1. Can you flag which of LYS165/LYS224; LYS75/LYS165; LYS189/LYS399 are past 25 Å Cα-Cα?
2. If one computes the Cα centroid of the stretch 159-187 and of the stretch 70-93, what distance in Å separates the two points?
3. Counting only helical runs of four or more DSSP H residues, what would the 222 nm mean residue ellipticity of the chain come to if each run contributes -39,500 (n - 2.57) and the total is spread over all its residues?
4. Most exposed first by the Cβ proxy, i.e. fewest other Cβ within 10 Å, how do MET318, MET365 rank?
5. Given 0.36 nm per residue, what is the gain on full extension from ASP392 to VAL424 after removing their alpha carbon distance, in nm?
6. Select from THR278, TYR238, ALA137 the residue farthest towards the positive end of the dipole of the stretch 62-370; place +1 on Cβ of Lys and Arg, -1 on Cβ of Asp and Glu, and compute about the Cα centre.
7. For the stretch 367-443, would you read off the P(r) tail past 20 Å as a percentage of all alpha carbon pairs?
8. Could you check the simple spin-label distance between GLU210 and ASP52, using points 7 Å along Cα→Cβ, in nm with one decimal?
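Values quoted throughout were computed directly from the atomic coordinates according to the rules given, and no laboratory measurement underlies them. Source: prediction; values computed, not measured. Quick reminder, even Gly has a Cβ in these numbers, built from the backbone with ideal geometry, and neighbours come from all protein chains shown.
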Amino acid sequence: MKTFVRCGQLFTGREDAARAGEIMVFDERGMITYAGTEVAAPRRARGDRVLDHTRSFVMPGLIDVHTHLAYGNAKSEEDIDLYSPLEFRTLRGMFFAQKVAAAGFTALCSPGDAGQISLSIRNAIRAGLFDGPRVMAAGRYLTTHQGLTDWYPTWIGAPETSIGKLVTNISEAVEEIRRQVKDGVDCIKIALDGIQRRDNGELIAAFTQEETDVMVRETHRLGKKAVAHARGREATLYAARSGVDLIFHANHLDDECIAAMLKTGSMLSPTLTHPRNTIDFTQPHEPAYLKGRPEHTLREYELGCANWKKARAAGVPMLTGTDTGFAVTPYGEWNARELELFVEDLGFTPAAALRAATEVNARFMTEGGQIGALEPGRAADFIALGASPLADIGALQDKSRLQAVYIAGKEISIPDRPYDPRQVTDFALSNWTDLYTQARVAELRQQRPQLAAAE
């Protein structure tokens, strides 16, 4: 049996324009066999079904390469690591993965989690136990005493329940990579900077160039992809030189970093949504505000935008990812804001932003050749919208306009189940005292007009 999808507008992800009045066909396996004009379409047989989206904008399912399923809308580092058992975090992560899918994101990368949380969610969805997005899973971040995720005092160390795995020499790092690969991860996350700075304020890379080379080489030898947290110039340069597949942030990259990225093929996910939400939504009474975090984040963001534009102009591929999983970036609420920020702050056209979140992101993802575009040989992962994001990229954030989500040709219908965040994550000292869903931000804007708008 084949399924014929009649489209009002069809955006394949392969070109910048949408095609009017075309048809997409997929088979019983959920694989696309045809996408094109109705005149040239295969004949319908008896028993074939028809999906009528003639009033809709049909496009590939969106992909977010930076969604942390283990975090649970965390308000602090302790929230992430300490106050919930791994088993609860896994169940919670499945619930939130479904919220991301319900927002139109049919695939995500979860780059850095505690235990085997993302692995378990990925495997449960693949096995058909639950509906949910395609998940590219990582294990714990590899970190050192200078790296992100080693954020507790030395007399406490890195707990086994933490998202960070402390390695004290390169042999331990290699052994951890091999252990994670044995467990079945899709990628290895390296915390290449995080906490230590020089007198001039420059971030110091957590690992040396030689150590980074060994870790990335071992990751690639075992057939996995390497991703890195790198905000500082030094860490970004080390990551690029070693051929890290995807570098997150890279606010302080320079021409040398860009040249290294182009030479080794490293891709970049600047991750705009988390800092922009921190700047726009953090309220004066919150600890993050009192610590000066929005002001610092704004300086880093403005510097980053200037540098990311240079990287893009040079030809470095730019991927969309949000750092979803914190209280300021709740699951399923702001994933599509990244595309809007690509347009507003990086100068992308709406079409280029859509392609970044689909076919460009797919180049990094596991089995990426099967997702990210609507063409024969790819999976029928697509969404139907009641408005064209080519005309208004912000329409992707309007949940009322998302008419349907399909993964491998199956419509994913997930009810919008409310939950009490105080029983889900809210167990530790907080950087934020609120959960910034779209509904809450709209309410706050009415109460306090000075709250920055998200358009």
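1. Over 25 Å Cα-Cα: LYS189/LYS399.
2. Result: 19 Å between the Cα centres.
3. About -9500 deg cm²/dmol.
4. Result, fewest neighbours first: MET318, MET365.
5. Difference between extended and current length: 8.1 nm.
6. With unit charges placed on the Cβ atoms, the residue in question is ALA137.
7. In whole percent, the share of Cα-Cα pairs in the stretch 367-443 beyond 20 Å is 56.
8. Placing both labels 7 Å along Cα→Cβ, they lie 7.0 nm apart.
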